[in-house]
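All remarks here apply to the structure that follows.
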Amino acid sequence: MKASAVAPANIAFIKYWGKIDEELRLPANGSISMNLDKCLTTTTVEFDKRYAEDSFEMIEEVVKEKEIERVKRYLSKLRKIAGKEIYAKVLSQNTFPKSSGIASSASGFAALLLAASKALGLNFGEKELTILARIGSGSACRSIPSGFVEWKFGKTNEQSYAYSLYPENYWDLRDILAIVGTDKKKVPTTEGMESSKNTSIFYKVRVIEAHKLLKKMKSAFKMKDFRILGEIIETDAIYMHCVMMSTSPALFYWTPKTLEIIKNIIQWREEGFESYFTIDAGPNVHIICEGKNEQKIIDKLKKIENIESIIVNKPAKGAHLINKHLF
Ligand code: DP6
């Protein structure tokens, strides 16, 4: 049977950087994110007796052998749950350009899980889906529920799931993504965070702080206090990058352009245009602001030289099935 799904990428406001269980991908701390409406993955999965093995391809993108193997391992897990010995053809497409530097594992595994489970005739509820997506790639669990999502810290497989804290229309926020570099990550996130756990002297202290920041962020959401939300977003991003930079070998993701944009954001704030930055495992800067300031921030950003492209994201709904197939 054939099924297709769309899932958004998400930007973490409280980050996930480290696991307490590698196999189950249980995070060392809970995290909070916003789904991105302009960064989507569409995936079609067909299980059929005529396939002698699993295949995975992306439209207009070359997929590395390692990534294909990861998808195949994941499909085997789902096959085991379904109790079916049948192989699949998987085809995916991203709306965001390959060169945008956005990690596609979150939207990728969320869309893959939803399409594959439907095609296998498995009917999971949202909570179960988030647990299974987490096993594919940790951040993928946050792309299943809608809007603003919390991925809970938990010591067992069942305790660490994601749910929608608030729907996408709860708060008119933007993630204005400034693309400044398209270098493919040299160290994959899975390896990078494991290395941080083993070598960074700041790893443990950041995990303790992240638990506290998450609590504070939930109250900022409740009060819709943008200043407090933004300050926590920046603090947690800086803490995570301190851990990355103090990892051995060091994980330096920032470029001079990254820092230039950060300094501009601080300056804009002083001028009254409130926005805050966050950065993942790459040089690109996510500028978080309220909808009312979107155009002003874009205008200011455009004055900075050598920004390759700008993607303006609104909060999005989570992964969902669609009727249109890619093949
Ligand atoms: C920096 O979800 O890619 O984007 O579970 O090992 O696949 P794995 O890691 P992944 O890590 C994302 C790390 C991050 C921060 C975040 O999104 O929370």
**Request:** Would you confirm whether any residue within region 65-81 is in contact (Cβ under 8 Å) with a residue 24 or more places away in the chain and of a type in the set (G, A, S)?
**Result:** no
**Message:** Yes or no: region 139-152 includes at least one residue that is more than 23 Å from A316 (Cβ to Cβ) and in contact with a helix residue (DSSP H, G or I) (Cβ under 9 Å, 6 or more places away or on another chain).
**Reply:** no
**Prompt:** From the list G318, G291, G282, which one is in contact with an Asp or Glu (Cβ under 6 Å, 6 or more places away or on another chain) and open to solvent by less than 80 Å² (accessible area, probe 1.4 Å)?
**Reply:** G291
**Message:** So, in region 168-202, exactly how many residues are within 11 Å of the ligand (Cβ to nearest atom) and either under 16 Å from the mean Cα position of the chain (by Cα) or under 22 Å from N35 (Cβ atoms) (or both)?
**Reply:** 6
**Request:** Please tell me if S275 is of a type in the set (G, A, S) and either surrounded by fewer than 16 Cβ atoms within 10 Å (Cβ to Cβ) or out of contact with any strand residue (DSSP E or B) (no Cβ under 6 Å at 6 or more places or on another chain) (or both).
**Result:** no
**Asked** Of all residues in region 20-36, how many are within 7 Å of the ligand (Cβ to nearest atom) and open to solvent by less than 10 Å² (accessible area, probe 1.4 Å)?
**Response** 2
**Request:** Go through region 250-268 and give me each residue that's assigned to a helix (DSSP H, G or I) and not acidic (D, E).
**Result:** P256, K257, T258, L259, I261, I262, K263, N264, I265, I266, Q267, W268
**Message:** Being away from the ligand (no atom under 13 Å from the Cβ) and either open to solvent by 40 Å² or more (accessible area, probe 1.4 Å) or in contact with a Pro (Cβ under 8 Å, 6 or more places away or on another chain) (or both) is the requirement here; does G125 meet it?
**Reply:** no
**Message:** Among the listed residues T199, T190, identify the single one that is open to solvent by 40 Å² or more (accessible area, probe 1.4 Å), under 26 Å from K64 (Cα atoms) and among the hydroxyl-bearing types (S, T, Y).
**Reply:** T190
**Message:** Take the residues in region 1-19 that are away from the ligand (no atom under 11 Å from the Cβ) and outside any loop (DSSP other than H, G, I, E, B); name whichever of them is nearest to the chain's Cα centre (by Cα).
**Reply:** P8
**Request:** For region 140-163, state whether one or more residues are modelled with pLDDT of 95 or more, over 16 Å from P27 (Cβ atoms) and either assigned to a strand (DSSP E or B) or within 14 Å of the ligand (Cβ to nearest atom) (or both).
**Result:** yes
**Asked** From R269, R227, which residue is open to solvent by 70 Å² or more (accessible area, probe 1.4 Å) and away from the ligand (no atom under 16 Å from the Cβ)?
**Response** R227
**Asked** Quick one: what pairs do we get from region 238-253, first residue within 18 Å of V180 (Cβ to Cβ), second small (G, A, S) and assigned to a loop (DSSP other than H, G, I, E, B), C-beta under 6 Å, 6+ apart or different chains?
**Response** Y253/A281; Y253/G282
**Residues of region 235-252 satisfying the condition of being under 21 Å from the mean Cα position of the chain (by Cα), surrounded by fewer than 20 Cβ atoms within 10 Å (Cβ to Cβ) and farther than 17 Å from I208 by Cβ** = M245, F252
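The values are calculated or read from the model by the stated rules, or taken from the named source; none is laboratory data. Keep in mind that this is a model prediction, so the values were computed, not measured. Quick reminder, even Gly has a Cβ in these numbers, built from the backbone with ideal geometry, and neighbours come from all protein chains shown. When the accessible area is computed, the model is the full protein with side chains, heavy atoms only, and any ligands, DNA or RNA have been set aside. Shrake-Rupley method; radii C 1.70, N 1.55, O 1.52, S 1.80 Å.
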